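Below is one structure, written out as C-alpha cells; the observations come after it.
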Amino acid sequence: MTRLIIRRVLWTVPVILLVILMTFLLMRQIEGNPFRHSERAIPESIQRNLEAKYGLDDPWYVQYVRYVRDVATFDLGPSLVLRNRDVNDIVREHFPPSLELGALAMLFALVFGIPLGLLAALRANKWPDYSAMVVANVGFAVPSFLVATLLIYFFAVRWGDIFDVPTSGWDTWQSKILPTIALGLGPMAYFARLTRGSVLETLQQDYIRTARAKGLRRRRVVVVHTLRNSLIPVVTAAGPILGFLITGSFVIEQIFAIPGIGRYYVTAVTARDYSVVMGLTVLLAMIVIIANMVVDILYGILDPRTREAR
Amino acid sequence: MRITTRALVAAAIAGSFAVLAAGCGGGGAGSNGGGPIDQVITINWGTEPPSLDPGLATDTTSADVLLNIMDPLVKLGDDLEPVPNLAKSWDISQDGKTVTFHLRDDGRWTNGDPVTAHDFEWSWKRTISPDLAADYAYQFFGIVGASEYNSCESGCAAMRDKVGIKALDDTTLRVELTSPQPWFVQQVAHTSFLAVNRATVEKYGNKWTEAGNIVTDGPFRLARWDHNSRLDLAKWNDWRNADTVKLKRINGRMISEGTTAVQAYEAGEIDMTAGLPPEELPRLKDTDAYSQYPGLGTYYYGLNVKTIPDVNQRRAMAMAIDRRTIIDNIAQADQLPATGFTPQGMPGFDEINPDSQWLPAAGDIDQAKELMSKVANPNKNISLLINDSPGHREIAVAVQAMWKELGLNVTIRQQEWAQFLEFLGPPPDASVDAYRLGWIGDYVDAMNFLELWTCKSGNNNSNYCDPSYDALVAKARQTEDNTERYKIYAQLEDKLYGENGAVPIVPIYWYTYVQLERPTIKDSLNVNLLSQTDYSKVEEVEPS
Amino acid sequence: MSSTPQEHGVGLAPLRQRKERRYPTPPDGVQTDAGAPIRASSLWRDAWYRYIRNRAAVIAGVAFLVLVAYCLIWPIVSPYDPYAVDFSQASDGPSLAHPFGTDQFGRDLFTRTALGGRVSIGIGFAATFVILTIGVTYGAIAGFLGGFVDNGLMRVLDALYGLPYLPFAIIVLAIFGGGNFWTMVVALSIASWFTTARIVRGQIITLKENDYVRAAHAVGARWLRVLGRHLLPNTLGVLVIAVFLELPGVILGEAFLSFIGLGISPPDASWGSMAQDGYRAYRTAPHIIIVPSVAIAYLILCANFIADGLRDALDPRTRET
C-alpha cells in the first residue's frame, strides 16, 4: 500500500514537467503581443525594453529552463500585464474564492445528491423515483449559465423583496448562495443518478439478500451495507467532477463577478499574459493530479477487490 | 425507515429555506441604495485597474482612480482648457519651446512630505527611463532628450541628465521641448505626468501601490484594495483643499459584466454602473437614473487601401452604411453619426468638420450603388476583421447586410483581442480587407486624431500613405495659433473626406458614455469628454 | 463530464454465456417446445428487443431523431432567411409567425435554432468521434500489448490526465484564432479522450483474461480472429454507449466556450453563441437565451436516456426491482 502511494507521488514530478512544457510550447504558438493592449501601437524602443525586462528576448529553451527552476522554488514570476503584481500574489488572492466556490458546490452536490439518489433507489419505479430522476436529469442537462441566469432572475429580480440575496461579489455569505447552487446543480444531479444506479445494483447482490434473510432491520441494511459499498463509484466520479467544477467555475465567476482564478485565466489568455497562464495552468494541473491520486488511493482502500487486480 | 429518508429530504429543504430566510434583511455590501444621505457612495470601476503606478498605467480605469488620489499639475476644465491645479501658473517662452510651471507650496504627500518640483522631475525621468519600460514613455518624447534616454543601452546616467526636465527649486519646474507644442500643457493633465513619492517607490519597489504602502497626494486616499474585487477611496482630510470635498468615502466594486452591474444597481448594491449593455437601453432610457455624456471618440471601420484600391469602392462602402439604423437599433445610446473623423466636442470642431458627402447619416444606398458601378475591378470578397467584445458583432452583421446590397460578399472574422491586434499590425495582414476599431482621445486636440493617418504612424492600419498629408501634419505641429491650426486640420479632413477624399476609413459614430446614477448624486456627477470623473466635486443631495 | 460503465458494474458478459441465459419474446408469437432454444439469436437482436421495452429510451431515441431531422430539414424549407436583418421585428417574443420569437436582429429563432443545432450537434458528434478514435486506439494498444508498453503508455496517460481540459481548450482556440467548426472540435477533444482510453484498456484487459478467450486460443484461433469475433463486438457495445455518454460533455463544453466568447463567428451560430447573445438581453427578451439553452438540455436529456437504455439493453445483469 505505502509503496503504491510513494510511487504515485513520485510520478507527479515528471507529470508536472510535462504540463509545464506543453503549456509553455502552446502559449508560444499563439500570436499576440503581451505588451500591447490597446489600439495604440508600441514604439520599437519600448517594446525592446519590455522584452528585455521580462527575459522574453532569450531563446525559448533558456526561458523554459529558467521557468522550471523558478517553479521549483515556488516563484511563478511577475505578471506581464498587471505590472505591479506577481503570479504568486494573484494565486494567493484569487485561488481561495475559487477553491471555496468549488468546495461549497461539491458539498451541495453531495449533501443533496446522494440522499436524492438513495431515495430514488429505495422507491424505485414509484413516484418519488420518477420525480427525483426528473429533477436530476433536468439539473444535469440544463447548462449552468442558464441556471445562473434563472436564479438571478427569480431570486434577485422577481422575488427580490422576499429574499435579499446579492448577485455579485463574494464577500458576505449570502453572496455565496446563488453561485454555489448554479455550479453545484449539475454535479448534484450527476451524483443522484450515480447513487441511484449504484444502490440499485448493490441491492441485488447476494450479501444484501443474506442480510435481509438474517432478519436485520432495513435501516441497518441500507446504511451499513448498501450505502457504503454504493459509494465507491461516487468516490471514483469525484475526480472528474472536480475537473468539471474547475471548468464550470469560469462561467459562473464571470456571471457573478467572483474574483476567482477562473475569471483571471480567461483574461490572461486573452491578454497573452504568459506567466499568469503558465502559473495557473500548472496550479490547476497539480490540483487535478493530486485529486486523482487521492481518489485512486481512496479507491484502493475502499474496494478491497481492486487491490489484487491492480 | 421510510420516515428517515423522507425526513432527511424534508429536513434539508426546510433547513435551506430557514437559512435563506435568515439571510433576508441582511443588507448588501455597504451601499446607499436609496438610504440616508451620508456622503458615502458605492460605484463600479468596471474592471481591476492593471496598475496604479502613474508611470505604468495605460488604461481608463487606472486613470479614473489615479486622477482622484493624486494631484496633477493641471486639470481640464469644462471646455477642456487646462486649469491650474497643483501648478498655480505657467509661462511659455517666446519660441514656444520652454514651459515653466510654478507650483503651489501647500501640496503634501500622505506621509507628511511636501510635494516639490523635484518630485516631478524624478517621476517624469523615471517614466522615461528604459528600466521601467513604461508603455506611455512616448508621451514624453516631445521633451528634449527623452526618446534618446528611453532607447539608451549604455551611458544612460549621462543621457538622463540631458533630458530637458529640471526642477529649478522646490516650486519651479522647467521643461524644454523639441518643438513648440501648443497642446503640451493640456497633455500634462494626463496621468503619465503625475508625480510619485520617491521614498515610497524606493522602499517598496514593485509593490509600492498596494493599499498598505501607497503614498498619494490627492483629495482621496486609497483606503482598501482587494484585487479584482473592490477598491475603496476615503477622503483625505489633510489635502490642501479638503474643505471643498463633500464625499467622505467612495466604495468601488469591480463588475465587468454589464448585465450583472445593472442587476446590482437595481438591487441597491451600487449607486452607479459603469456603462450599460445596449440591450438594456430601451428599458432604461426613460428612467430617472439614466445619464448620457458625449465622448471624445470615433468608432470606425478601416479599409485596407491596398486590397481595395479603387477610391470609388471605398466611397461606396462608406455611403452604404446606414448610421442612423446602427445607432438607433444596435448601439442605442444616442451616439452621433460621424460626418468626419474628428469627433464633436473637440475644440475647433466647427471649423474642422467636413460634413462629408461620403458619410450620410442615414446612408444612401442608391448613390452607393452608382459609385460601385463605376468601379472597374471591384474587390467583391471582403474579409471583415473584428474583435470579440459584445456589440461589435451586431454592428458587423448589420454592416455585412448593408454591403451585401452593393454586391459585396462579406466574411466576418472574429478574433480575440491580442490576435486581432497582431493582424492589424501595422501593416495589416494581407487577408484583412476591413477591420473595426475605435479611437478615443488621449488629449484634447484634433492632432491626436488626425496624426493617426500619417504614413509612419503606428496606428495607421490601412496602408494609407499620402506624403502631402504628412506634410500638412508636420506643418500643423509647428503652428501655435489655434485658428490657423484648425484651418490646417480642416484641410487634413478634406484630404480624407472632401470631394476628392481618399476615404481610407469609414467613421460610423462618435461615442457617448451612458450609465445609471442614483438621483441623489446625478447632478453633481459629471463625466467629462475623456470619460473621467472628478469625485472631489461630487456630493450627495436630496433628490429634487 | 461523462459517467463510466462502472456505474452498473464492469463490462459485458461474454457472448457464449449470453446465449444460454435468456431469450427475447419472438415478435410473431412462434410456439416452441418447452426447454428448446427458440432461435439462434445474436447479441444485437437481444439488445434491440430489450431496448424497445424500455419506454424512456424509446421516447428519447425518437425525440433525438426528431431533433436531428428538424436541424437538417427545417432550414431548407423555412420561409425565413436566417441571416436577414430586420430591425422592425427585433426581440419579439414567441408568436404564431415566429414560434421561438426573434433575436435582436429580427431573425427568426426557430430557423436559427435549427441552424445552430447543425453546428452544435455536428461539433458534438465530430468531437466525440475524435475522442473515441484516439481513446480506443490508445487504450487498445495499451491493453492488447500489455507489459512494458502498457505500463509506459499508462504512465504517460496519467501525466496527460493532469491537463485541465477547459484551459487547454481555451489555449488551443487562441492559437487557431477563434472558433470555427474544426478548431472547436480539436479544442474540445484534445484533453478529453483520457477516460475513454482508460476504459477501453480496462475492457480489453478484462476480456483478454476471460475464459472464452483462453478457450478460443486453446482451440487454436489466431489473435486476429479473437479480436474480430470476440473482443471487438463486445467492446463495440461499450463504445456505442460511450458515444452517448461523451456527447453531453462535449455539447456543454462547446456551450461554455461560446458563452465565454470563444465560439463560432457570426453570422453563423451555435447554441452556445446564441445563448451568449441572449444573456445580455435576458431582462427584456429572456426567450433569446432560454431557447438555445432548452435545446441544449433537450439534446443532453435524450443522450442520457439513450445511453441508459443502451446500457440496460447490452448488459443483462441489470434488472429493475
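Some notes on this structure:
- Anisotropy class of chain B from Cα gyration tensor, a/c 1.5 cut: oblate
- Across region A:195-201, computed HN-Hα scalar couplings (Karplus, 6.51 cos²θ - 1.76 cosθ + 1.60, θ = phi - 60°) run 4, 4, x, 5, 5, 4, 5 Hz from first to last residue, x flagging Gly and Pro.
- Take the Cβ atoms of A:L21 and B:D470, set R0 to 35 Å, and the FRET efficiency comes out at 0.15.
- DSSP-assigned coil residues among trypsin sites (Lys or Arg not before Pro) in region B:439-496, each with at most 16 further Cβ atoms within 10 Å: B:K456
- Long pairs among B:K88/B:K235; B:K162/B:K456; A:K53/B:K456; B:K374/B:K487; B:K246/B:K522; B:K88/B:K207, criterion Cα-Cα beyond 21 Å: B:K88/B:K235; B:K162/B:K456; A:K53/B:K456; B:K374/B:K487; B:K88/B:K207
- Here's the list of lysines a cross-link from C:K208 could span, going by alpha-carbon distance under 23 Å and ignoring same-chain residues fewer than 8 apart: C:K19.
- Under a 5 Å amide H cut-off, with hydrogens placed 1.01 Å from N, B:T512 pairs with B:G295 among residues at least 5 apart or on other chains.
- Dipole-positive endmost among C:G147, A:P14, B:T98 within the protein assembly as shown (Cβ charges, Cα centre): C:G147
- C:V66-B:I37 pseudo-label distance in nm [points 7 Å out on the Cα-to-Cβ vector]: 6.2
- Cβ-placed point charges (K, R +1; D, E -1), dipole of the protein assembly as shown about Cα centre in debye, nearest 20: 7660
- Rg ratio for the protein assembly as shown: its Cα radius of gyration over 2.2 N^0.38 Å, N being its residue count, equals 1.03.
- Reported to the nearest whole Å, the Cα centre-to-centre distance from region B:282-314 to region B:389-441 is 13.
- The charge dipole of region A:93-284, taken about its Cα centre with unit charges on the Cβ atoms of Lys, Arg (+1), Asp and Glu (-1) only, comes to about 1300 debye.
- Over chain B, dividing the summed -39,500 (n - 2.57) contributions of all DSSP H runs of at least 4 residues by the number of residues returns a 222 nm mean residue ellipticity of -8500 deg cm²/dmol.
- Rounded if a/c under 1.5, otherwise prolate or oblate - region A:93-284, Cα gyration tensor axes: prolate
- Coupling constants for region B:146-158 follow from the phi torsions by the Karplus curve (6.51 cos²θ - 1.76 cosθ + 1.60, θ = phi - 60°), and in residue order they are 6, 5, 5, 5, 5, 9, 6, 10, 8, x, 5, 4, 5 Hz; glycine and proline get x.
- Partner aspartates and glutamates for A:K126 [C-alpha distance under 14 Å; skip if fewer than 8 residues away on the same chain]: C:E320
- Summed over qualifying helices (DSSP H, 4 residues or more, each -39500 (n - 2.57)) and divided by its residue number, chain A shows a 222 nm mean residue ellipticity of -24000 deg cm²/dmol.
- Within 10 Å of the Cβ of each residue in C:272-281, the mean number of Cβ atoms contributed by other protein chains is 5.
- 27 Å Cα-Cα reach of B:K380 towards lysines, excluding residues that sit fewer than 8 places from it in its own chain: B:K306, B:K369, B:K404, B:K495
- Calculated from backbone phi, Karplus (6.51, -1.76, 1.60) coupling profile of region A:137-153 in Hz, x at Gly/Pro: 5, 5, x, 7, 7, 6, x, 5, 6, 6, 4, 4, 4, 5, 4, 4, 4
- Residues with amide H under 5 Å from that of B:M272, placed H, sequence gap 5 or more: B:N44
Each reported figure results from applying straightforward, stated rules to the coordinates on display, with no laboratory input. Only a predicted model underlies this, so the values are computations on that prediction, with no experimental measurement involved. Don't worry about glycine lacking a Cβ; one is built from the backbone with ideal geometry, like all the others, and counts go over all protein chains shown.
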